[in-house]
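First comes the structure, then the notes that go with it.
The values are calculated or read from the model by the stated rules, or taken from the named source; none is laboratory data. Bear in mind that the values here come from a model prediction, so they are computed numbers and not experimental data. Cβ atoms come from the backbone with ideal geometry, glycine included; neighbour counts cover every protein chain shown.
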Amino acid sequence: MTARNIRILPSLPSAHDAVSALRKPLLQYGRALIVTLLCLGAQIGSAQDDYRLLTVADNLRWPWSIARLPDNSFLITEREGRLIHLDKNANRHVLQGTPATVFAGQGGYFDVVLHPKFAKNRLIYLSYAEGVENANGTAVFRAKFEDGRLSEGQRILRVEPNKTTPQHYGARMLFLEDETLLLTTGDGFEHREQAQNLSSELGKVLRINDDGSPAGLLDAEGEPSRIWTMGHRNPQGLAVDPGTGSIYLHEHGPRGGDELNLIEGGANYGWPAVTHGVDYSGAYVSPFKSAPGFKDPLWTWVPSIAPSGMAWYAGNNFPAWHGSLFIGALVDQEVRRLEMRKGKVVREEALFGELDSRIRDIRVFGDDIYLLTDSEQGALIQVVSP
């Protein structure tokens, strides 16, 4: 595959911008053609003809996350508060017995993941916004999924304290090899100082056992805590390199300063004391990009790309992509592939821009890559080899 490096000087237009400018006269026609093909379940060839995009499901309302079940059916969250089972025949069923949510601002249903021993215990986990618009927080719901139905549902985690804004929930989940669960939490937008407060779970990565009990580090009094890392703004991507066990997280910066971080228990990632971004007003959040005691990011984006889902590819269908991180870029309506070598980013490539859609989630299941587009008419798309 021919990769193109898009890490360029900020004063120069990116390759994506240049292509966008050239295609503007044909944009309306191109969008109509892509939408028509997607609705027909057609396969769209890339300019490089090294992959095709196959629509698995469409007409999804603001979807946020997907999980694939052992029988190759899917669970899909819709932010308005629906958990959908898409069976092997592409029939969809809205599951009953799920929790109420706050569908306001950035709130709603978020991530869905399977327990590592799902085939035996049938447990699924759903992150969502709980509360009301001016008093809410990220929560985790656990239930059994058997015979197309949920049972034994219960909330096992609620982030404390309440935040007063329906923004910056974080809410990405990842099971580790030891069957503990990581959950990212945002700073609540107007509560950014809480990211540096160990008495608050805002702006953190939490770690729990599969029943919701704390599995983080000890607090100041030596008691078990759910907090595992701190100093985050709004982290919405988590992925693990299965070869090394390294855990990667990305988070939204303010105006610029999106970050990719290598996550280590007990580390402080600096927000808002250090950042590569500025406030939306243009004012400084902090004069420091780095400082002692804070862990520096592996990679930053200035201007922001608004990173969304993230997945590590270790499959065989696309050998040139082996050992890469795939990250949704909401602003540019594409996916960034970061080629990783010994824990370092060595190249960045833009992909799937022909969809002309915001990519909310990216999942790798075995050799397969799936994309979830973010709109009132979202779609689940499989990336397939020619």
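The rows are residues; the columns are (1) closer than 18 Å to residue 138 by Cβ; (2) without any contact (Cβ under 8 Å) to a residue 40 or more places away in the chain; (3) of a type in the set (Phe, Trp, Tyr); (4) surrounded by 15 or more Cβ atoms within 10 Å (Cβ to Cβ).
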{"position": "83", "(1), (2), (3), (4)": "yes, no, no, yes"}
{"position": "94", "(1), (2), (3), (4)": "no, yes, no, no"}
{"position": "101", "(1), (2), (3), (4)": "yes, yes, no, yes"}
{"position": "105", "(1), (2), (3), (4)": "yes, no, no, yes"}
{"position": "108", "(1), (2), (3), (4)": "yes, no, no, yes"}
{"position": "111", "(1), (2), (3), (4)": "yes, no, no, yes"}
{"position": "116", "(1), (2), (3), (4)": "no, no, no, yes"}
{"position": "120", "(1), (2), (3), (4)": "no, yes, no, no"}
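Quick one: residue 364 ticks every box in (1) loosely packed, with under 15 Cβ neighbours inside 10 Å; (2) closer than 18 Å to residue 320 by Cα bar one, so which box is it? Just one mismatch for residue 364, condition (1). All of 201, 190, 130, 146 fail the test of being loosely packed, with under 14 Cβ neighbours inside 10 Å, modelled with pLDDT of 95 or more and of a type in the set (D, E, K, R), apart from 146.
Would region 291-306 turn up any residue that is surrounded by fewer than 24 Cβ atoms within 10 Å (Cβ to Cβ), assigned to a strand (DSSP E or B) and modelled with pLDDT of 95 or more? Looking for residues that are surrounded by fewer than 24 Cβ atoms within 10 Å (Cβ to Cβ), assigned to a strand (DSSP E or B) and modelled with pLDDT of 95 or more, one finds at least one in region 291-306, hence yes. Tell me, yes or no, whether region 225-232 has at least one residue that is surrounded by fewer than 24 Cβ atoms within 10 Å (Cβ to Cβ) and either of a type in the set (Ser, Thr, Tyr) or out of contact with any strand residue (DSSP E or B) (no Cβ under 6 Å at 6 or more places or on another chain) (or both). The answer is yes; a qualifying residue exists. Of the residues making up region 267-290, those that are exposed (fewer than 15 other Cβ atoms within 10 Å of the Cβ), in contact with a Pro (Cβ under 7 Å, 6 or more places away or on another chain) and among the hydroxyl-bearing types (Ser, Thr, Tyr) number 1.
In region 205-273, counting only strands (runs of 3 or more DSSP E) that sit wholly within it, the ones holding 2 or more residues that are over 28 Å from residue 155 (Cα atoms), within 19 Å of the chain's Cα centre (by Cα) and at pLDDT 95 or above span 258-263. The combined condition, being touching a strand residue (DSSP E or B) at 6+ places or on another chain (Cβ under 8 Å) and either without any contact (Cβ under 8 Å) to a residue 12 or more places away in the chain or not in a strand (DSSP E or B) (or both), is fulfilled by residue 170.
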